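The values are calculated or read from the model by the stated rules, or taken from the named source; none is laboratory data. Here the structure is a predicted model, which means the values were calculated and not measured. Reconstructed Cβ throughout: ideal geometry from the backbone, glycine too, with neighbour counts over all protein chains shown. Keep in mind that these areas ignore ligands, DNA and RNA; they rest on the heavy atoms of the full protein, side chains included. Shrake-Rupley method; radii C 1.70, N 1.55, O 1.52, S 1.80 Å.
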Amino acid sequence: MTKLTFRMTRTLAAIGLAVAASSSHALILAGPGDFQGTGLGAVNTVLTLTSPANTTSETGSVTWTGTTATTSGNALTGASQSNTPTLGSLGVTSPSSLRIVLNAAEPANATSLTVSSLALNIFSPTGTNVFTSDPFAARTLNAADLGIGSAGFVFQLSAAEIARANGAFSANNRIGLSATINDATGGPETFFAVNFAGAGGGGTGTGGGGGNAVPEPSTVAIFGLGLAALGFMRRRNKA
(Lines give C-alpha, C1' and ligand atoms only; values in the text may rest on other atoms or scores of the structure.)
Protein backbone atom coordinates (compact mmCIF):
# COMPACT_ATOMS: atom_id res chain seq x y z
CA MET A 1 0.00 0.00 0.00
CA THR A 2 1.38 3.45 -0.91
CA LYS A 3 2.00 6.14 1.67
CA LEU A 4 -0.83 8.21 0.14
CA THR A 5 -3.32 5.33 0.42
CA PHE A 6 -2.23 4.68 4.00
CA ARG A 7 -2.71 8.35 4.91
CA MET A 8 -6.15 8.42 3.28
CA THR A 9 -7.17 5.27 5.17
CA ARG A 10 -5.96 6.72 8.46
CA THR A 11 -7.80 10.00 7.76
CA LEU A 12 -11.07 8.19 6.96
CA ALA A 13 -10.79 6.27 10.21
CA ALA A 14 -10.25 9.46 12.19
CA ILE A 15 -13.12 11.30 10.46
CA GLY A 16 -15.50 8.38 10.95
CA LEU A 17 -14.84 8.11 14.66
CA ALA A 18 -14.84 11.88 15.21
CA VAL A 19 -18.13 12.47 13.39
CA ALA A 20 -19.77 9.59 15.20
CA ALA A 21 -18.64 11.00 18.53
CA SER A 22 -19.79 14.55 17.77
CA SER A 23 -23.27 13.35 16.79
CA SER A 24 -23.92 12.23 20.36
CA HIS A 25 -24.61 15.81 21.48
CA ALA A 26 -27.78 17.94 21.56
CA LEU A 27 -31.39 16.81 21.34
CA ILE A 28 -31.68 13.52 19.48
CA LEU A 29 -34.61 11.67 17.95
CA ALA A 30 -35.70 8.77 20.14
CA GLY A 31 -38.40 7.62 17.72
CA PRO A 32 -42.06 8.08 16.79
CA GLY A 33 -44.70 7.67 19.46
CA ASP A 34 -48.43 7.07 19.60
CA PHE A 35 -50.07 9.63 21.87
CA GLN A 36 -53.78 9.91 22.52
CA GLY A 37 -55.41 13.14 23.66
CA THR A 38 -52.42 15.33 22.86
CA GLY A 39 -54.28 18.23 21.30
CA LEU A 40 -53.60 21.82 22.30
CA GLY A 41 -54.43 22.36 25.95
CA ALA A 42 -54.38 18.64 26.82
CA VAL A 43 -50.64 18.50 27.47
CA ASN A 44 -47.78 20.73 28.65
CA THR A 45 -47.34 22.55 25.35
CA VAL A 46 -44.12 24.54 25.21
CA LEU A 47 -43.99 25.87 21.65
CA THR A 48 -46.50 26.08 18.79
CA LEU A 49 -45.42 27.14 15.30
CA THR A 50 -47.34 27.82 12.11
CA SER A 51 -46.03 28.89 8.72
CA PRO A 52 -47.24 32.34 7.64
CA ALA A 53 -49.44 32.69 4.53
CA ASN A 54 -48.32 30.31 1.77
CA THR A 55 -44.78 29.75 3.02
CA THR A 56 -43.39 26.36 4.02
CA SER A 57 -40.93 27.46 6.70
CA GLU A 58 -41.74 28.24 10.30
CA THR A 59 -39.38 29.37 13.01
CA GLY A 60 -39.82 30.73 16.49
CA SER A 61 -39.06 30.48 20.17
CA VAL A 62 -40.49 30.89 23.63
CA THR A 63 -38.37 32.23 26.49
CA TRP A 64 -38.85 33.23 30.14
CA THR A 65 -38.02 36.83 31.05
CA GLY A 66 -38.39 36.48 34.81
CA THR A 67 -41.98 37.71 34.77
CA THR A 68 -43.61 36.28 31.65
CA ALA A 69 -43.19 33.90 28.71
CA THR A 70 -42.20 35.75 25.55
CA THR A 71 -42.51 34.41 22.00
CA SER A 72 -40.71 35.34 18.79
CA GLY A 73 -41.03 34.60 15.08
CA ASN A 74 -43.90 32.36 14.01
CA ALA A 75 -44.66 31.13 17.52
CA LEU A 76 -48.33 31.33 18.49
CA THR A 77 -49.15 33.13 21.72
CA GLY A 78 -51.35 32.04 24.60
CA ALA A 79 -50.61 29.70 27.51
CA SER A 80 -52.12 26.71 25.68
CA GLN A 81 -49.93 27.33 22.62
CA SER A 82 -46.53 28.57 23.84
CA ASN A 83 -45.45 28.52 27.46
CA THR A 84 -42.46 28.00 29.77
CA PRO A 85 -43.52 25.43 32.39
CA THR A 86 -41.41 24.85 35.47
CA LEU A 87 -39.61 21.54 35.80
CA GLY A 88 -41.50 21.06 39.04
CA SER A 89 -44.88 21.37 37.30
CA LEU A 90 -43.75 18.70 34.84
CA GLY A 91 -42.57 16.43 37.64
CA VAL A 92 -39.18 16.18 35.96
CA THR A 93 -36.30 15.87 38.42
CA SER A 94 -33.58 14.62 36.04
CA PRO A 95 -32.63 15.57 32.46
CA SER A 96 -32.73 11.86 31.58
CA SER A 97 -36.49 11.90 32.22
CA LEU A 98 -37.35 14.86 30.01
CA ARG A 99 -38.82 14.24 26.56
CA ILE A 100 -39.84 16.84 24.00
CA VAL A 101 -42.55 15.60 21.64
CA LEU A 102 -43.34 17.14 18.26
CA ASN A 103 -46.99 16.92 17.25
CA ALA A 104 -47.54 18.16 13.69
CA ALA A 105 -50.73 18.81 11.73
CA GLU A 106 -50.01 18.41 8.04
CA PRO A 107 -52.45 17.80 5.15
CA ALA A 108 -53.12 14.28 3.87
CA ASN A 109 -50.95 14.82 0.78
CA ALA A 110 -47.87 15.85 2.79
CA THR A 111 -45.01 13.34 2.68
CA SER A 112 -42.47 14.79 5.10
CA LEU A 113 -41.26 17.80 7.00
CA THR A 114 -37.80 18.69 8.24
CA VAL A 115 -36.90 19.83 11.73
CA SER A 116 -33.92 22.00 10.83
CA SER A 117 -33.15 23.23 14.33
CA LEU A 118 -34.36 22.48 17.82
CA ALA A 119 -32.88 23.77 21.07
CA LEU A 120 -33.88 23.30 24.69
CA ASN A 121 -33.33 26.27 26.98
CA ILE A 122 -33.61 26.29 30.75
CA PHE A 123 -34.18 29.54 32.63
CA SER A 124 -33.82 30.45 36.29
CA PRO A 125 -36.84 32.02 38.02
CA THR A 126 -35.34 35.45 37.31
CA GLY A 127 -34.99 34.76 33.58
CA THR A 128 -31.30 33.89 33.36
CA ASN A 129 -30.52 31.26 30.74
CA VAL A 130 -28.73 28.50 32.65
CA PHE A 131 -28.65 25.85 29.91
CA THR A 132 -28.92 25.66 26.12
CA SER A 133 -28.60 22.36 24.29
CA ASP A 134 -25.88 22.00 21.67
CA PRO A 135 -26.54 22.47 17.92
CA PHE A 136 -29.15 20.12 16.49
CA ALA A 137 -28.68 17.78 13.53
CA ALA A 138 -31.57 18.34 11.08
CA ARG A 139 -34.04 15.46 10.77
CA THR A 140 -36.61 14.75 8.04
CA LEU A 141 -39.72 13.10 9.45
CA ASN A 142 -42.38 10.97 7.81
CA ALA A 143 -45.65 12.90 7.49
CA ALA A 144 -47.64 9.65 7.75
CA ASP A 145 -46.83 9.63 11.47
CA LEU A 146 -48.10 13.14 12.11
CA GLY A 147 -51.29 14.60 13.53
CA ILE A 148 -52.26 16.50 16.66
CA GLY A 149 -53.93 14.18 19.13
CA SER A 150 -52.69 10.94 17.59
CA ALA A 151 -48.93 10.77 17.09
CA GLY A 152 -45.68 12.52 17.67
CA PHE A 153 -41.89 12.40 17.39
CA VAL A 154 -39.98 12.04 20.63
CA PHE A 155 -36.73 13.91 21.28
CA GLN A 156 -34.45 13.54 24.28
CA LEU A 157 -31.12 14.88 25.45
CA SER A 158 -28.06 12.87 24.53
CA ALA A 159 -25.95 11.27 27.26
CA ALA A 160 -23.41 14.08 27.00
CA GLU A 161 -26.11 16.74 27.29
CA ILE A 162 -27.75 14.96 30.23
CA ALA A 163 -24.48 15.20 32.14
CA ARG A 164 -24.12 18.87 31.25
CA ALA A 165 -27.73 19.75 32.14
CA ASN A 166 -27.80 18.11 35.58
CA GLY A 167 -26.93 21.30 37.41
CA ALA A 168 -29.76 23.22 35.73
CA PHE A 169 -32.53 20.86 36.82
CA SER A 170 -34.18 22.66 39.71
CA ALA A 171 -37.95 22.53 40.36
CA ASN A 172 -38.39 26.29 39.95
CA ASN A 173 -36.42 26.56 36.72
CA ARG A 174 -38.41 26.84 33.51
CA ILE A 175 -37.95 25.29 30.07
CA GLY A 176 -38.25 27.03 26.72
CA LEU A 177 -37.67 25.98 23.13
CA SER A 178 -36.55 27.40 19.82
CA ALA A 179 -37.18 25.55 16.57
CA THR A 180 -37.22 25.81 12.80
CA ILE A 181 -39.32 23.51 10.62
CA ASN A 182 -39.10 23.42 6.83
CA ASP A 183 -41.36 21.82 4.18
CA ALA A 184 -44.35 22.48 6.43
CA THR A 185 -47.51 22.89 4.37
CA GLY A 186 -50.09 22.91 7.13
CA GLY A 187 -49.84 23.49 10.83
CA PRO A 188 -49.84 24.18 13.61
CA GLU A 189 -46.83 22.19 14.80
CA THR A 190 -46.61 21.84 18.57
CA PHE A 191 -43.83 20.77 20.91
CA PHE A 192 -44.85 19.53 24.33
CA ALA A 193 -42.91 18.28 27.33
CA VAL A 194 -43.29 14.81 28.87
CA ASN A 195 -41.95 13.34 32.07
CA PHE A 196 -40.61 10.02 30.77
CA ALA A 197 -40.24 8.54 34.24
CA GLY A 198 -43.75 9.56 35.27
CA ALA A 199 -45.20 8.15 32.07
CA GLY A 200 -43.68 4.76 32.83
CA GLY A 201 -40.99 4.76 30.14
CA GLY A 202 -40.43 1.65 28.12
CA GLY A 203 -40.03 2.09 24.41
CA THR A 204 -41.15 4.72 21.92
CA GLY A 205 -44.86 4.01 22.09
CA THR A 206 -47.67 5.47 24.15
CA GLY A 207 -47.21 7.95 26.88
CA GLY A 208 -43.54 8.38 27.40
CA GLY A 209 -41.48 8.38 24.26
CA GLY A 210 -38.34 6.43 23.58
CA GLY A 211 -35.82 5.33 26.09
CA ASN A 212 -33.08 4.66 23.56
CA ALA A 213 -31.74 7.05 20.96
CA VAL A 214 -31.92 6.09 17.30
CA PRO A 215 -28.57 6.87 15.66
CA GLU A 216 -28.52 8.92 12.48
CA PRO A 217 -28.17 6.57 9.47
CA SER A 218 -25.31 8.72 8.20
CA THR A 219 -23.62 8.48 11.58
CA VAL A 220 -23.85 4.70 11.56
CA ALA A 221 -22.40 4.57 8.05
CA ILE A 222 -19.52 6.92 8.85
CA PHE A 223 -18.77 5.16 12.11
CA GLY A 224 -18.70 1.84 10.24
CA LEU A 225 -16.36 3.31 7.65
CA GLY A 226 -14.03 4.46 10.41
CA LEU A 227 -13.99 1.02 12.06
CA ALA A 228 -13.41 -0.67 8.71
CA ALA A 229 -10.48 1.63 8.00
CA LEU A 230 -8.98 0.93 11.41
CA GLY A 231 -9.36 -2.82 10.83
CA PHE A 232 -7.65 -2.52 7.46
CA MET A 233 -4.78 -0.59 9.02
CA ARG A 234 -4.40 -3.20 11.76
CA ARG A 235 -4.26 -6.07 9.29
CA ARG A 236 -1.67 -4.18 7.23
CA ASN A 237 0.52 -3.62 10.29
CA LYS A 238 0.38 -7.33 11.17
CA ALA A 239 1.36 -8.23 7.63
Per-residue SASA entry for Phe153, accessible area with 1.4 Å probe, Å² rounded to 10: 10
Site Ser124, offset 7 angstrom along Cα→Cβ, radius 13 Å on amide nitrogen, limited to the stretch 49-74, gives 66
Quick check: Cα centre of the stretch 51-76 to Cα centre of the stretch 102-139, how many Å? 11
Everything considered on the Cα gyration tensor (a ≥ b ≥ c; rounded for a/c under 1.5, else prolate if a/b is larger than b/c, else oblate), the stretch 52-118 must be described as oblate
